[in-house]
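A.B. asks: Below are the structure tokens for one structure; questions will follow.
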Amino acid sequence: MKKNHKSLFIAIFLAVLVVAALFIVNVGRTTKNSGTDAAEDGTASKSETENSSDTSDENSSEDTNGSEGKMLVVTSFYPMYIGAMNLLDGVEGIEYVNLTEPTTGCLHDYTLTTEDMKLLSTADVFVYNGGGIENFISDVVSAYPELTMVDTSSQVEALEDNAHYWMSVSNYMTQMEEMAEGIKAELSQGNYLSGDALDQAILLIDENLATYEGKLAGLQETEQEIADALADSENTNLVIFHEAYAYLAMDLGYNIVGDMDLDEERQVSASEVEEIISVLNENDPMPLVFADPVYGEDMGQTVSEETGCSVLYLDTLVQSNGEYEKNSYVEKMSENLSAILEALQ
Ligand SMILES: [Zn+2]
């Protein structure tokens, strides 16, 4: 009897070991797959990355960062993620994921979710816009003091109380340089790659940055064309229906004579409407209006009916309707600038 018990115990023990081994092998595969996906096509979704980190948490209490020793870069929102897609394209050893969704937009009132905190706990680098757009930064710093924070705004030309820096092409370029520097600095610590692999990764980030800056320089040429046309024009007056356009105005040389911040859906009072209409009427020549195609459409229609002013609907490049597209900044900004140039001619 005693002997039977003993062998039964051993059999159960062996069965448990086999099941555990199968589980570990399977988990290893899942982790590897999601890491490779992310690195190859840059479309890591939050849940994919979280899955991989969840499983690695179960298996290892030491390496909870990324998967398979890869460096995990988390970006705060759409314009930053699009930047990462360009700078980290094809770079081995780095996985990147966006904290928020492509449809989230500006993060002014964003509150971190439990899911976000879980993702950040697995991150090696957090890349953000700065200037207060991410109002939760202090929570991240105090929860994860070891996390490398890359504030892309440390060298930008900032307007007061306005952190929509990416709407100035030259500022966005500076932000991309800061992002590349921050990521390379973390990589150079040697915790993820070493030797030739490290050198190659850094070289590729530099090349990617140069390629992206080349595209952005193309936008700056159009900006210069607009600036030249504006300098010759008698009308540089501008009214903006979103503070993000103040950065475009800065790049192009417009003179902002009135603004209304229609960033989120909010009630606009009758007196506000009256005031902006009188600003439009009192300025001679009549200002041009820049408005957001979503939040500013109703107001744009109202003021153009009341005053006869021209309204240009421009993208604030802060979100898409669902997809991350590597060239979206360049394409949408190019559309914005073409519309402005056309209005000047
Ligand atoms: Zn905003």
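The values are calculated or read from the model by the stated rules, or taken from the named source; none is laboratory data. Predicted model, so just to flag it, every value in this text is computed and none were measured. Every residue, glycine as well, gets a Cβ built from its backbone with ideal geometry; the counts of neighbours run over all protein chains shown.
A.B. asks: Consider residue 225 carefully, then state whether it is more than 16 Å from the ligand (Cβ to nearest atom) and without any contact (Cβ under 8 Å) to a residue 12 or more places away in the chain.
C.D. replies: Criteria not met by residue 225.
A.B. asks: Still on this model: Which one of these does residue 294 not meet: (1) more than 16 Å from the ligand (Cβ to nearest atom); (2) among the aliphatic types (A, V, I, L, M); (3) at pLDDT below 95?
C.D. replies: The one condition residue 294 does not meet is (1).
A.B. asks: Given the residues 158, 163, which is the only one that is among the small types (Gly, Ala, Ser), under 21 Å from residue 74 (Cα atoms) and surrounded by 14 or more Cβ atoms within 10 Å (Cβ to Cβ)?
C.D. replies: So the residue among 158, 163 that is among the small types (Gly, Ala, Ser), under 21 Å from residue 74 (Cα atoms) and surrounded by 14 or more Cβ atoms within 10 Å (Cβ to Cβ) is 163.
A.B. asks: Give me the helices (runs of 4 or more DSSP H) completely within the stretch 102-209, filtered to those with at least 1 residues that are within 15 Å of the ligand (Cβ to nearest atom), ordered by residue number.
C.D. replies: The qualifying helices (runs of 4 or more DSSP H) are 169-187.
A.B. asks: Looking only at the stretch 277-316, count how many residues are assigned to a loop (DSSP other than H, G, I, E, B) and more than 25 Å from residue 169 (Cα to Cα).
C.D. replies: Summing the residues that are assigned to a loop (DSSP other than H, G, I, E, B) and more than 25 Å from residue 169 (Cα to Cα) in the stretch 277-316 gives 6.
A.B. asks: Among the residues of the stretch 113-166, write down those that are within 21 Å of residue 83 (Cα to Cα) and among the small types (Gly, Ala, Ser).
C.D. replies: 123, 130, 131, 132, 153, 154, 158, 163
Condition check ((1) free of Cβ contacts under 8 Å to residues at least 24 places away in the same chain; (2) outside any helix (DSSP H, G or I)) across all residues:
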{"position": "258", "(1), (2)": "no, yes"}
{"position": "272", "(1), (2)": "yes, no"}
{"position": "318", "(1), (2)": "no, yes"}
{"position": "340", "(1), (2)": "no, no"}
